[in-house]
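Asks: Please find one structure pasted underneath; my questions will follow.
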């Protein structure tokens with residue numbers, strides 16, 4: 001039996017009884033598969049390598065990130081964080097700035113951060129539970145200008161079989177995404193075992209609330225995937241369950257009928273106009289591509305911009321023309337489907353690392369002639385961590401000894417003065433941060 005893995009990572013998440021076999025970093029296009037040793041073994045049909053089920057799990061998260069509205073919001077959120085931080089630093093007359101940097105809410109950064117927390121939910125692992133019911137509350141989040149945004153928040157009541165007590169969980173996108181990855185990993189490797197929270201919570205809710213879908217993994221995957229087309233996936237998830245319950249004798253005929261029911265006659269507002277789920281996805285995809293393009297304006301980044309725009313374009317084609325593709329990635333235990341192979345050929349494999357910090361990358365077939373730096377989104381993350389108070393470049397383990405020096409571990413921004421720039425220093429310079437330096441909290445000056 002496979003050991004459990006922790007869910008989609010949070011940098012400061014404490015270790016638990018669950019063993020981390022891998023993770024995906026949403027918004028930074030990075031997969032981590034600890035035991036990966038040779039990516040060429042991915043399609044080995046004779047005997048899949050031990051790490052392949054974990055790779056599938058994390059690759060599903062990658063697909064969720066680029067083919068859904070909620071996933072694309074991760075890219076926009078990551079870039080907006082850097083955009084706001086850069087602006088705050090460069091507009092200050094002082095060359096030094098205190099870290100961790102407290103970003104003002106002038107452009108609703110703090111508001112969007114709190115919204116993201118509501119959308120995401122809480123993923124504290126719980127091994128075995130019994131689902132009881134759910135309730136909806138209203139969260140009020142301050143916005144710039146003194147206004148307030150109200151957003152629904154969903155709480156799941158459950159019985160913890162280990163602690164033998166009733167508990168409550170903040171349900172959100174993390175539970176929806178982890179169920180999908182868990183279900184597909186289990187189809188590929190039936191002995192896969194995961195904790196009920198966060199991996200099986202969505203399934204346990206569906207089994208009790210809507211018996212029409214109970215026990216049918218493709219149907220539940222379709223419901224979860226449809227829910228990711230809303231900025232607030234939990235809202236669409238529970239709305240669809242209530243809609244199913246309100247229609248006497250409704251029975252799904254296939255996965256597509258679940259998408260149709262989830263989206264039927266629904267409109268979204270709040271973007272300045274009324275949107276359908278498809279138009280909202282299109283607008284979010286355009287915003288994500290534009291944000292990436294604006295962040296990498298230098299000529300040396302052209303190939304990376306083309307790569308990201310190709311990912312978004314092909315992901316859109318997949319979403320619009322192959323709706324329900326998630327349920328079709330595995331043909332039988334130990335075997336990927338033809339669709340999975342086609343998706344890998346079309347989208348490639350993003351920057352993937354193992355426990356030894358070895359990096360792997362497979363570009364999309366049509367972009368093999370381009371020189372792509374697939375780790376650049378990780379540079380975004382490294383600079384974001386600098387603003388958060390970290391003085392070491394998190395890319396240091398992936399760079400060769402001929403590139404690194406002592407500055408990488410305590411002041412990577414100082415490398416901007418070297419004749420040859422590392423990726424961190426290149427972006428620091430591109431974003432107009434040359435000469436700017438972080439200082440310990442409470443200290444500022446030239």
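The values are calculated or read from the model by the stated rules, or taken from the named source; none is laboratory data. Quick caveat: nothing in here was measured; it's all calculated off a predicted structure. Note that each Cβ is placed from the backbone with ideal geometry, even for glycine, and that neighbours are counted across all protein chains shown.
Asks: Of (1) touching a helix residue (DSSP H, G or I) at 6+ places or on another chain (Cβ under 6 Å); (2) under 28 Å from residue 116 (Cβ atoms); (3) in a helix (DSSP H, G or I), residue 230 satisfies all except one. Which?
Replies: (3)
Asks: Collect the residues in segment 112-152 that are assigned to a loop (DSSP other than H, G, I, E, B), in contact (Cβ under 8 Å) with a residue 60 or more places away in the chain and more than 21 Å from residue 76 (Cβ to Cβ), keeping them in residue-number order. Let's see the steps before the verdict.
Replies: Here is the first cut: in segment 112-152, the ones assigned to a loop (DSSP other than H, G, I, E, B) are 121-125, 127-128, 143, 147.
Going one step further and asking which of them are in contact (Cβ under 8 Å) with a residue 60 or more places away in the chain, we end up with 121, 123-125, 127-128.
Correct list: 123, 124, 125, 127, 128.
Asks: Here is a list: 346, 386. Which entry is surrounded by fewer than 21 Cβ atoms within 10 Å (Cβ to Cβ), touching a residue at least 12 places away in the same chain (Cβ under 8 Å), assigned to a helix (DSSP H, G or I) and within 25 Å of the chain's Cα centre (by Cα)? Steps first, answer last, please.
Replies: On the way: 386 fails: surrounded by fewer than 21 Cβ atoms within 10 Å (Cβ to Cβ).
Matching residue, one of 346, 386: 346.
Asks: Just to be sure, is residue 195 within 30 Å of residue 111 (Cα to Cα) and buried (at least 24 other Cβ atoms within 10 Å of the Cβ)?
Replies: Numbers: within 30 Å of residue 111 (Cα to Cα): no; buried (at least 24 other Cβ atoms within 10 Å of the Cβ): yes.
In short, no.
Asks: May I pose another question? Please state which one of 381, 426 is in contact with a strand residue (DSSP E or B) (Cβ under 9 Å, 6 or more places away or on another chain), crowded, with 19+ Cβ neighbours inside 10 Å and at negative phi. Write out each step before concluding.
Replies: On the way: 426 fails: in contact with a strand residue (DSSP E or B) (Cβ under 9 Å, 6 or more places away or on another chain).
The match here is 381.
Asks: Right, next: May I ask you to list the residues in segment 324-334 that are buried (at least 16 other Cβ atoms within 10 Å of the Cβ), on the phi < 0 side of the Ramachandran plot and not in a helix (DSSP H, G or I)?
Replies: Answer for segment 324-334, where residues must be buried (at least 16 other Cβ atoms within 10 Å of the Cβ), on the phi < 0 side of the Ramachandran plot and not in a helix (DSSP H, G or I): 329, 330.
Asks: Could you check segment 357-371 and list, in sequence order, the residues that are outside any helix (DSSP H, G or I) and either surrounded by 15 or more Cβ atoms within 10 Å (Cβ to Cβ) or in contact with a helix residue (DSSP H, G or I) (Cβ under 9 Å, 6 or more places away or on another chain) (or both)? Reasoning before the result, please.
Replies: The initial filter retains those residues of segment 357-371 that are outside any helix (DSSP H, G or I), namely 357-364, 368-371.
Across segment 357-371, the qualifying residues are 357, 358, 359, 360, 361, 362, 363, 364, 370, 371.
Asks: Further question: Need pairs with beta-carbon distance below 7 Å; first residue at negative phi and in a loop (DSSP other than H, G, I, E, B) and within segment 96-111, second surrounded by fewer than 16 Cβ atoms within 10 Å (Cβ to Cβ) and at pLDDT below 90; sequence gap 6+ or separate chains.
Replies: Within 7 Å, the pairs are 100/441; 105/144; 106/144.
Asks: Next question. Give the residue that is nearest to residue 284 (Cα to Cα), with candidates limited to residues of segment 255-269 that are in contact (Cβ under 8 Å) with a residue 60 or more places away in the chain and either more than 25 Å from the chain's Cα centre (by Cα) or buried (at least 16 other Cβ atoms within 10 Å of the Cβ) (or both). So that I can check it myself, show each step before the final result.
Replies: As a first pass, look at segment 255-269 and keep what is in contact (Cβ under 8 Å) with a residue 60 or more places away in the chain: 255-256, 259.
With either more than 25 Å from the chain's Cα centre (by Cα) or buried (at least 16 other Cβ atoms within 10 Å of the Cβ) (or both) added as a condition, the list becomes 255, 259.
Values: 255: 24, 259: 19 Å.
Here the answer is 259.
Asks: Within 24 Å of residue 174 (Cα to Cα), outside any strand (DSSP E or B) and in contact with a strand residue (DSSP E or B) (Cβ under 9 Å, 6 or more places away or on another chain): which single residue out of 266, 320, 311, 236 fits that description? Spell out how you get there, then give the answer.
Replies: Numbers: 266 fails: in contact with a strand residue (DSSP E or B) (Cβ under 9 Å, 6 or more places away or on another chain); 320 fails: in contact with a strand residue (DSSP E or B) (Cβ under 9 Å, 6 or more places away or on another chain); 236 fails: in contact with a strand residue (DSSP E or B) (Cβ under 9 Å, 6 or more places away or on another chain).
The match here is 311.
Asks: One residue is enough: does segment 270-286 have a residue meeting the conditions closer than 30 Å to residue 187 by Cα, surrounded by fewer than 18 Cβ atoms within 10 Å (Cβ to Cβ) and modelled with pLDDT of 95 or more?
Replies: There is no residue in segment 270-286 that is closer than 30 Å to residue 187 by Cα, surrounded by fewer than 18 Cβ atoms within 10 Å (Cβ to Cβ) and modelled with pLDDT of 95 or more.
Asks: Scan segment 30-60 residue by residue and report those that are part of a loop (DSSP other than H, G, I, E, B), surrounded by 16 or more Cβ atoms within 10 Å (Cβ to Cβ) and at pLDDT 95 or above.
Replies: Going through segment 30-60, the residues part of a loop (DSSP other than H, G, I, E, B) turn out to be 34-38, 44-51.
Next, only the ones that are surrounded by 16 or more Cβ atoms within 10 Å (Cβ to Cβ) stay: 34, 36, 48-49, 51.
Passing the criteria: 34, 36, 51.
Asks: Restricting to segment 195-218, count the residues that are touching a helix residue (DSSP H, G or I) at 6+ places or on another chain (Cβ under 6 Å) and in a helix (DSSP H, G or I).
Replies: Within segment 195-218, the subset touching a helix residue (DSSP H, G or I) at 6+ places or on another chain (Cβ under 6 Å) is 198-199, 201-203, 206, 209-210, 213-214, 217-218.
Subsequent filtering for residues that are in a helix (DSSP H, G or I) retains 198-199, 201-203, 206, 209, 217-218.
Counting residues in segment 195-218 that are touching a helix residue (DSSP H, G or I) at 6+ places or on another chain (Cβ under 6 Å) and in a helix (DSSP H, G or I) gives 9.
Asks: Sort out which residues of segment 85-95 are buried (at least 17 other Cβ atoms within 10 Å of the Cβ) and touching a residue at least 60 places away in the same chain (Cβ under 8 Å), and write them in order of number.
Replies: First, pick out the residues of segment 85-95 that are buried (at least 17 other Cβ atoms within 10 Å of the Cβ): 85-86, 88-89.
85, 86, 89 - these are the residues of segment 85-95 that are buried (at least 17 other Cβ atoms within 10 Å of the Cβ) and touching a residue at least 60 places away in the same chain (Cβ under 8 Å).
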